[in-house]
Amino acid sequence: MGNVAVVGSQWGDEGKGKVVDVYGESADLIIRFQGGNNAGHTIVVNEEKIVLHLIPAAALHDNKTCIIGNGVVVDPEVLLREINQLQEKGYLQSSSLLVSDRAHVIMPYHKQLDKLRESNTSATFIGTTGRGIGPAYSDKVGRRGIRMADLLRPDYLEKRLEEVLPEKNCILQSYFNAPPLEACGLMDQLLTLAERLKDRIVDTQPLIHNALKEGKKVMYEGAQGVLLDIDHGTYPYVTSSNTITGAALSGAGVGPNDVDQVIGITKVYTTRVGEGPFPTELENETGALIRKVGGEFGATTGRKRRCGWLDLVALKHAKRVAGFTGLALTKIDVLSVVDDIKICTAYELNDEQIDYVPSTPEDYERVKPIYKTFVSWDEKLPKVKSKKDLPAALQEYIKFIETELEVPAVLLSVGPDRNDTIVIHNPFN
Ligand code: IMP
């Protein structure tokens with residue numbers, strides 16, 4: 001019982017959209033707390049695929065209040081597009097969608113700088129989504145950001161733009177040899193977007209705290225995954241926000257007692273997009289098979305996801321920093337096509353066995369995974385409705401993960417559709 005945070009436990013793309021959608025049915029208030037439209041949450045409803053980048057997936061249910069929290073960076077154009085997409089499909093009729101006035105805006109120059117930095121051959125290539133996430137968070141922390149509230153105050157917005165644009169233009173022109181930006185053009189663009197969004201931009205604090213006081217069921221929706229966390233992930237190959245449960249507190253504006261349970265969304269194999277260490281990566285036919293069967297192509301960029309075995313060392317690290325109380329195991333059906341399934345239980349580094357994630361990419365690139373092999377199951381899974389009806393070999397695989405992590409599996413996803421889900425425990429009930 002209580003309020004629930006849903007957090008990705010790997011390098012993102014664990015299937016959070018589906019889990020938020022399934023549990024979201026029981027929640028009253030759903031708050032997305034970090035990241036931006038670098039995320040791509042896919043939900044399949046009656047065989048129709050819907051991809052959301054900013055709006056909480058629970059917005060597909062009736063009578064919900066969905067909030068884009070202060071910890072999120074918002075591209076207003078993308079948000080408007082997503083609202084239209086949902087409204088055209090008949091959603092967002094009885095559910096409301098609000099944006100914190102404290103959330104920062106992804107400005108056109110953030111997207112430009114993200115792409116220019118990535119194409120700069122003398123800088124580390126991260127493989128970002130190119131959506132301006134890093135530059136927007138840098139400006140937030142550097143106190144040069146524009147917030148959603150500023151879009152509603154043209155005089156203040158103009159003053160802020162006059163303050164920040166000279167520096168941006170200096171970087172664009174002198175360092176990247178790109179054309180400068182005009183304040184008036186930007187103002188026009190932003191004010192047009194603001195006009196269309198103005199009714200949704202509010203101080204979300206009173207709403208959230210009244211809901212908590214009234215005992216409403218609150219869900220905190222994360223994006224990306226713990227291994228992409230700016231502090232605890234594989235720096236510098238990470239995203240620019242904290243993705244761990246702690247970010248739910250700062251990114252929604254609540255206290256530690258306002259989060260009761262933490263569901264770690266865990267794909268039963270691992271994927272990663274972009275650069276960076278990935279010890280259990282399978283650069284072979286098995287990896288290609290998992291990619292094909294699992295549809296492992298980025299929901300945001302369409303890039304091929306790198307695929308590999310489940311990594312318990314990385315997962316234990318994630319559990320420690322994010323404090324999972326339950327696991328939602330996803331994409332279980334995909335592993336049905338693989339013969340011998342492996343789980344990484346430890347690493348070897350410099351001829352020694354280690355059970356932690358090294359903090360530098362140099363060391364992490366060099367670790368060798370130590371595996372335990374599991375026999376596969378060959379039965380088709382999607383129509384299975386109860387854990388006890390699953391093949392014995394799969395039950396053993398799940399038991400091993402639960403025992404190693406000392407966290408129970410509370411949800412099993414055995415297919416892409418909402419209905420292909422075994423809910424062992426609904427944390428809201
Ligand atoms: P950024 O968040 O666009 O700055 O990208 C930084 C790194 O995080 C890159 O490796 C991206 O591929 C990765 N990344 C960002 N968002 C997601 C996501 O939602 N799923 C998986 N990887 C992501």
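The table below lists the values:
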item	result
Residue in the range 162-173 that is of a type in the set (Val, Ile, Thr), more than 16 Å from the ligand (Cβ to nearest atom) and within 29 Å of Lys18 (Cα to Cα) present	no
Pick from the range 192-203, criterion in contact (Cβ under 8 Å) with a residue 12 or more places away in the chain and in a helix (DSSP H, G or I), ranking: nearest to Ser96 (Cα to Cα)	Arg200
Odd one out for Val7 among (1) at pLDDT 90 or above; (2) more than 11 Å from the chain's Cα centre (by Cα); (3) among the hydrophobic types (A, V, I, L, M, F, W, C); (4) crowded, with 24+ Cβ neighbours inside 10 Å	(2)
Cβ pairs under 9 Å, 6+ apart, first in the range 403-414 and not assigned by TED's automatic domain parsing to the domain that holds Gly264, second of a type outside the set (Asp, Glu)	none
Selection status of Glu221, modelled with pLDDT of 95 or more and touching a Pro at 6+ places or on another chain (Cβ under 7 Å)	yes
Members of the range 234-273 found to be hydroxyl-bearing (Ser, Thr, Tyr), touching a strand residue (DSSP E or B) at 6+ places or on another chain (Cβ under 6 Å) and not in a loop (DSSP other than H, G, I, E, B), listed by number	Thr266, Thr270, Thr271
Selection within the range 45-59 - more than 26 Å from Arg102 (Cβ to Cβ) and among the hydrophobic types (A, V, I, L, M, F, W, C)	Val45, Ile50, Val51
Cross-chain or 6+ apart pairs with Cβ under 8 Å, the range 204-231 first and more than 12 Å from Ile244 (Cβ to Cβ) and part of a strand (DSSP E or B), then at pLDDT 95 or above and within 16 Å of the ligand (Cβ to nearest atom)	Met219/Val6; Glu221/Val6; Glu221/Arg32; Glu221/Phe33
Residue ranges of helices (runs of 4 or more DSSP H) in the range 69-148 with at least 3 members away from the ligand (no atom under 16 Å from the Cβ) and within 23 Å of Asp13 (Cβ to Cβ)	76-88
Pairs where the first residue, in the range 35-58, is farther than 22 Å from Lys140 by Cβ and of a type in the set (Gly, Ala, Ser) and the second is assigned to a strand (DSSP E or B) and away from the ligand (no atom under 13 Å from the Cβ), C-beta under 6 Å, 6+ apart	Ala57/Ile43; Ala58/Ile30
Breaking point among (1) within 30 Å of Asn426 (Cβ to Cβ); (2) surrounded by fewer than 21 Cβ atoms within 10 Å (Cβ to Cβ); (3) charged (D, E, K, R), for Arg366	(1)
Pair list, Cβ under 9 Å, 6 or more apart: the range 301-312 residue at pLDDT 95 or above, other residue small (Gly, Ala, Ser) and in a strand (DSSP E or B)	Leu312/Ala346
Odd one out for Leu312 among (1) over 16 Å from the mean Cα position of the chain (by Cα); (2) open to solvent by 10 Å² or more (accessible area, probe 1.4 Å)	(2)
Qualifying positions in the range 31-59 - in a loop (DSSP other than H, G, I, E, B) and in contact with a Ser or Thr (Cβ under 9 Å, 6 or more places away or on another chain)	Phe33, Gln34, Gly36, Asn37, Asn38, Ala39, Gly40, His53
Among the residues listed as Thr192, Thr204, the single one being open to solvent by less than 80 Å² (accessible area, probe 1.4 Å) and under 30 Å from the mean Cα position of the chain (by Cα)	Thr204
Tally of residues being crowded, with 16+ Cβ neighbours inside 10 Å, within 14 Å of the ligand (Cβ to nearest atom) and aromatic (Phe, Trp, Tyr) across the range 253-305	1
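The values are calculated or read from the model by the stated rules, or taken from the named source; none is laboratory data. Note that the structure is predicted; figures quoted are calculated from it, not measured. Glycine also receives a Cβ, built like all others from the backbone with ideal geometry; neighbour counts cover every protein chain displayed. The accessibility values were calculated without ligands, DNA or RNA, using every heavy atom of the protein model including side chains. Shrake-Rupley method; radii C 1.70, N 1.55, O 1.52, S 1.80 Å.
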